[in-house]
Amino acid sequence: MQTPTLLLGQTLSFAQNPFHTQLSEAVRHNTQGGVLISEGKIQQVGDGATLQAAHPDAQVMDYGDRLICAGFVDAHVHYPQTGIIASWGKRLIDWLNSYTFPEEMRFGERPYADQMAQTYLDLTTRHGVTTMASFCTSHPESVDALFTAAQARGQRVVAGKTCMDRNAPEGLRDTAQSAYDESKALIDRWHGVDRLCYAITPRFSPTSTPEQLDALGALWAGHPDCLMQTHLSEQTDEIAWVADLFPTARDYLDTYEQFGLLGERGLYGHAIHLEPRERARLKEIGAGLVHCPTSNTFIGSGLFDMAGLMQEGHRIGLASDTGGGSSFSMLRTMASAYEVAQLRHHPLHPAQLMWLATSGSARALHMDDKIGNLLPGMEADLVVLDLASTPEIAQRTNRAKTFWEALFPTIMMGDDRAIAATWINGRQV
Ligand code: GUN
Ligand code: ZN
């Protein structure tokens, strides 16, 4: 048995979903808590002094009054768009054609994909993001690059080859057959290896023919423990285009449903402009909806209905959507989720924002038994937050009367300076 490590500080964990349960029952906050980790797992969470007395051999990391919580889980990103984040002035389809596709073409070169995978993981680690679900490009090399980098870091990562066989430039198009074959080979190589998980990844229905969607539906049926990730109802122009391309479909969701691409392990990014049938069906299936607030405001897509969808009982995660989203930070993403919800007259509580960025996203990925919470048995992916990381934040935190009032300024104004430490797989990185 490895010498255990004991992290001391304030601790935050969730016993329940704070959207559905009152805070006193949903949240466990300890101002003088401790987290005992060894062998890459959280062994115990409790009172700091008690844990220290019970484990005198443990190596102690004393974080003082900083806040120890689960590492952030980003449920929808495009690591290949790292280099084009914050590109000006376009809406979805023009943004894809002008900025995204030219950059994604470069990932057929393995050295470039390796370099961008390392850059992306370095940047996200600085922001306390310990797991992400990433789209890659249509090149299998881009998937190998991310999984190889994640594996070397002991990181839990979801990724998949982005399949497109129409409405994309020549250098990015595959076919129904090659999308199936290449995705299957990647599943065989990577899915379930160490902490890696494969997601079958049709980009969105405008860039796949019915034949390709059908092939990927068959692939998922043969590998039901894989996740499936795509985009759904992000912009109104896009929805009109889908209606044109699939004239017999009942709605956007039906373009996936018809082909076996609607399932509980499906992740549907954006999901803003949903029809009543789509909402009901997604709920019935228990599919994952992924809220990407900085992207939805940056590309001008719309305001996700967090309050309504949560009330209906949907499975919802939170994501940066790098690089349609304008930040790598889950603090910034929570702030944006707060602002979007305010525009819909529903102020999200800081506990709800923190839950979304950790447990909620982990639940959307069906990994909430492994990550996204500080509980014994969970994998030791943690973030330590400095709640007074800048003078602006500190002067506000100093007059806070409650823990939530002390945390909220960091959610709204914090950045990488608030990330005092990131732990992945039981190691500080
Ligand atoms: N829809 C299809 N592809 C993309 C993408 O790369 N980013 C976003 N935001 N939406 C998409
Ligand atoms: Zn996306």
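The values are calculated or read from the model by the stated rules, or taken from the named source; none is laboratory data. On a predicted model such as this, the values are computed, not experimentally measured, just so you know. When we count neighbours, we look across all protein chains shown, and the Cβ atoms used for this are built from the backbone with ideal geometry, even at glycine. The area values use the complete protein model at the heavy-atom level, side chains included, leaving out ligands, DNA and RNA. Shrake-Rupley method; radii C 1.70, N 1.55, O 1.52, S 1.80 Å.
Below, the figures for the structure above:
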quantity	calculated
Residue list for the range 69-91, restricted to those being within 13 Å of ligand 1 (Cβ to nearest atom) and among the aliphatic types (A, V, I, L, M)	V77, I84, I85
Subset of the range 315-342 [open to solvent by 10 Å² or more (accessible area, probe 1.4 Å), more than 23 Å from I85 (Cβ to Cβ) and touching a residue at least 40 places away in the same chain (Cβ under 8 Å)]	R315
Sole residue being farther than 16 Å from V158 by Cβ and free of Cβ contacts under 8 Å to residues at least 24 places away in the same chain, chosen from P206, P247, P210	P247
Residue under evaluation G171, criteria (1) open to solvent by less than 10 Å² (accessible area, probe 1.4 Å); (2) assigned to a helix (DSSP H, G or I); (3) away from ligand 2 (no atom under 16 Å from the Cβ), criterion not met	(1)
Which listed residue is loosely packed, with under 15 Cβ neighbours inside 10 Å and more than 24 Å from P350 (Cα to Cα), from A15, A49	A49
Positions within the range 217-240 being of a type in the set (A, V, I, L, M) and either touching a helix residue (DSSP H, G or I) at 6+ places or on another chain (Cβ under 8 Å) or more than 16 Å from ligand 2 (Cβ to nearest atom) (or both), in sequence order	A218, L219, A221, M228, L232, I239, A240
Candidate set: the range 393-408, residues that are more than 30 Å from H366 (Cα to Cα) and touching a helix residue (DSSP H, G or I) at 6+ places or on another chain (Cβ under 6 Å); chosen: the one least open to solvent (accessible area, probe 1.4 Å)	I393
Entirely in the range 90-160, the helices (runs of 4 or more DSSP H) that have 3 or more residues that are among the hydroxyl-bearing types (S, T, Y)	110-126
Residue list for the range 92-109, filter: within 16 Å of ligand 1 (Cβ to nearest atom), open to solvent by less than 60 Å² (accessible area, probe 1.4 Å) and out of contact with any Lys or Arg (no Cβ under 8 Å at 6 or more places or on another chain)	L92, I93, W95, L96, T100, F101, E103, E104, F107
Residue identified as within 16 Å of ligand 2 (Cβ to nearest atom) and modelled with pLDDT of 95 or more among T21, T100	T100
Contacts under 6 angstrom Cβ, first residue in the range 179-194 being of a type in the set (V, I, T), partner at pLDDT 95 or above, 6 or more apart	I187/Y198; I187/H223
Those residues of the range 197-222 which are away from ligand 1 (no atom under 15 Å from the Cβ), buried (at least 17 other Cβ atoms within 10 Å of the Cβ) and more than 13 Å from T255 (Cα to Cα), in sequence order	C197, Y198, I200, A215, L219, W220
Wholly enclosed strands (runs of 3 or more DSSP E) of the range 247-366 bearing at least 2 residues within 19 Å of Q16 (Cβ to Cβ)	315-318
Only one of G288, G269 that is farther than 24 Å from A86 by Cα and within 16 Å of ligand 2 (Cβ to nearest atom)	G288
Strands (runs of 3 or more DSSP E) enclosed by the range 1-56 - at least 2 residues per element that are in contact with an Asp or Glu (Cβ under 9 Å, 6 or more places away or on another chain) and polar (S, T, N, Q)	27-38
From G377, G372, residue being surrounded by fewer than 24 Cβ atoms within 10 Å (Cβ to Cβ), in contact with a strand residue (DSSP E or B) (Cβ under 7 Å, 6 or more places away or on another chain) and part of a loop (DSSP other than H, G, I, E, B)	G377
Inter-residue pairs, beta-carbon under 8 Å, first within 14 Å of F204 (Cβ to Cβ) and in the range 261-283, second among the hydroxyl-bearing types (S, T, Y) and open to solvent by 60 Å² or more (accessible area, probe 1.4 Å), 6+ apart	H273/T236
Tally, over the range 311-341, of residues that are touching a Phe, Trp or Tyr at 6+ places or on another chain (Cβ under 7 Å) and within 16 Å of ligand 1 (Cβ to nearest atom)	6
Near pairs, Cβ below 7 angstrom, 6+ apart or cross-chain, from the range 90-112 (of a type in the set (D, E)) to any residue that is open to solvent by 30 Å² or more (accessible area, probe 1.4 Å) and modelled with pLDDT of 95 or more	E103/G83
Residues (in contact with an Asp or Glu (Cβ under 7 Å, 6 or more places away or on another chain), open to solvent by 40 Å² or more (accessible area, probe 1.4 Å) and under 20 Å from R189 (Cα atoms)) located in the range 110-155	R110, Q151
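Condition check ((1) away from ligand 1 (no atom under 16 Å from the Cβ); (2) open to solvent by 10 Å² or more (accessible area, probe 1.4 Å); (3) closer than 30 Å to R332 by Cβ; (4) among the aliphatic types (A, V, I, L, M)) across all residues:
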site: R250; (1), (2), (3), (4): yes, yes, no, no
site: T255; (1), (2), (3), (4): no, no, no, no
site: Q258; (1), (2), (3), (4): yes, yes, no, no
site: L267; (1), (2), (3), (4): no, no, yes, yes
site: E275; (1), (2), (3), (4): yes, yes, no, no
site: L282; (1), (2), (3), (4): yes, no, yes, yes
site: A287; (1), (2), (3), (4): yes, no, yes, yes
site: P293; (1), (2), (3), (4): no, no, yes, no
site: T297; (1), (2), (3), (4): no, yes, yes, no
